[in-house]
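A quick write-up on the structure given underneath.
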Amino acid sequence: MQIVKKEKFILKEYTFENGRTIPVQMGYETYGTLNRERSNVILICHYFSATSHAAGKYTAHDEESGWWDGLIGPGKAIDTNEYFVICTDNLCNVQVKNPHVITTGPKSINPKTGDEYAMDFPVFTFLDVARMQCELIKDMGIARLHAVMGPSAGGMIAQQWAVHYPHMVERMIGVITNPQNPIITSVNVAQNAIEAIRLDPSWRDGKYGEEQPMKGLQLANRMMFMNAFDEHFYETTFPRNSIEVEPYEKVSSLTSFEKEINKLTYRSIELVDANSWMYTAKAVLLHEIAHGFSSLEEALSNVEANVLMIPCKQDLLQPSRYNYKMVDLLQKQGKYAEVYEIESINGHMAGVFDIHLFEKKVYEFLNRKVSSFV
């Protein structure tokens, strides 16, 4: 069992992609030992609702380990006997109420006003997250990454690294992610979730203090949850009750499966901040590695890393066909890139729950010699 410690990185000034400049901080964790050459570094980027706690425990008494603990550790696919692994808290981390999270976002205090930023916080992108991570990496005296990787939003950040810091990235692994967030996901999940929070009267234009707009936030979380798995998952996990009576008598009465889903999606937002959720959903909506380029092909022409994309065939949020398009473009440019598609009723969440389906592939990819890396 790995006992880990949260560290803090501070930038007195950071200029966002949109031009705003403010002081920022982020938490990070490390696993393993940095070698003398500083050449064994793997950067892990976390998914939408996760934190930098990717592996290990803070104390021996913790009930749960980090979210990718099955993948990271001594003798595992990401072997900490060999690699030095870093994971950071994203900007606007949605779990800002988690005492182990260190982040800068809408709940942070604006030094110019003494009040919370709320909706005056700068809009951030996943390129902003990569840029902040790069500052940390450089501060640690590291010039090159053995690999950068992550699931979902974490894979979006990893792709920004491959495009914007090509000389620093030897390998990039994107799990259940895409180079451009699909329009259907951007609107049906991200934008609708943002609107659900905004329409809650308790939101108060983002100035709700400690009184979270829980109805809107729970609905936003439910929208994401109901797209995170394959249809068969929902049918088997939340079966219908064929002898129910009340839902057939009153429109306001909920079925048993509705009640169970509501309980689950309400319970999972205890540490979540609504404004931070909105900002992170906006970052997902905006995700596009070709932003600032004339085309996806031009953006990918920057990539020097060997690329492995791991989609799930049943993923409703990030359909696998976009992975094949990206890899095809990279291969046509003479780059090393491959798709390793998995299948699971866990759909999008297979990237976190079903690591047994791809851990061997990750191990092999991390240990293969890179092709034509300059």
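Read-outs throughout are calculated quantities, based only on the coordinates presented, and are distinct from any laboratory measurement. The structure displayed is predicted, hence computed values, not measured ones. Backbone-built Cβ (ideal geometry, glycine too); neighbour counts: all protein chains shown.
Counting only the backbone N, which residues of the range 119-133 are under 11 Å from the spot 7 Å out from the Cα of Asn110 toward its beta-carbon? Of the residues in the range 119-133, 119-122 have backbone N under 11 Å from the label point off Asn110.
Counted residue by residue at 0.36 nm each, then reduced by the alpha carbon distance between them, the extension gain from Lys313 to Glu364 reaches 16.2 nm. For Lys107, the aspartates and glutamates whose Cα comes closer than 12 Å to its Cα, not counting residues fewer than 8 places off in the same chain, are Asp115, Glu116, Asp120, Glu210, Asp273. For the chain, the share of DSSP beta bridges that are antiparallel, to the nearest 5, is 35%. Compare Ser268, Ser186, Ser294 in a GNM of the chain, Cα atoms joined below 10 Å, and give the one with the largest fluctuation. In the Gaussian network model the winner is Ser294. Each of His46, His232 was scored by other Cβ atoms within 10 Å of its Cβ. Arranged with the fewest first, they read His232, His46. Note on the range 103-156: Cα Rg divided by 2.2 N^0.38 Å, N the number of residues, gives 1.45. Taking all Cα-Cα distances within the chain, those exceeding 41 Å account for 11%. Applying a DSSP loop filter and a limit of 16 other Cβ atoms within 10 Å to the GluC sites (Glu not before Pro) in the range 186-222 leaves Glu210, Glu211. Comparing mean-square fluctuations of Val85, Val251, Val303 from a GNM of the chain with C-alpha springs under 10 Å, the top value falls on Val251.
Footprinting exposure proxy ranking of Cys45, Cys134, Cys87, fewest other C-beta atoms within 10 angstrom first, gives Cys134, Cys87, Cys45. Here the sum of -39500 (n - 2.57) over DSSP H runs of 4 or more residues, divided by the residues of the chain, equals -8500 deg cm²/dmol at 222 nm, to the nearest 500.
Of the residues Gly66, Gly105, Gly150, the one that moves most in a GNM of the chain with alpha-carbon contacts below 10 Å is Gly66.
Dividing the C-alpha radius of gyration of the range 186-282 by 2.2 N^0.38 Å, with N its residue count, gives 1.19.
In straight-distance terms, cross-link reach from Lys138 covers every one of the lysines whose alpha-carbon lies under 22 Å from its own, apart from those fewer than eight places away in the same chain; here that gives Lys5, Lys6, Lys8, Lys12. Counting neighbouring Cβ atoms within 10 Å and putting the fewest first, the residues Thr59, Thr104 line up as Thr59, Thr104.
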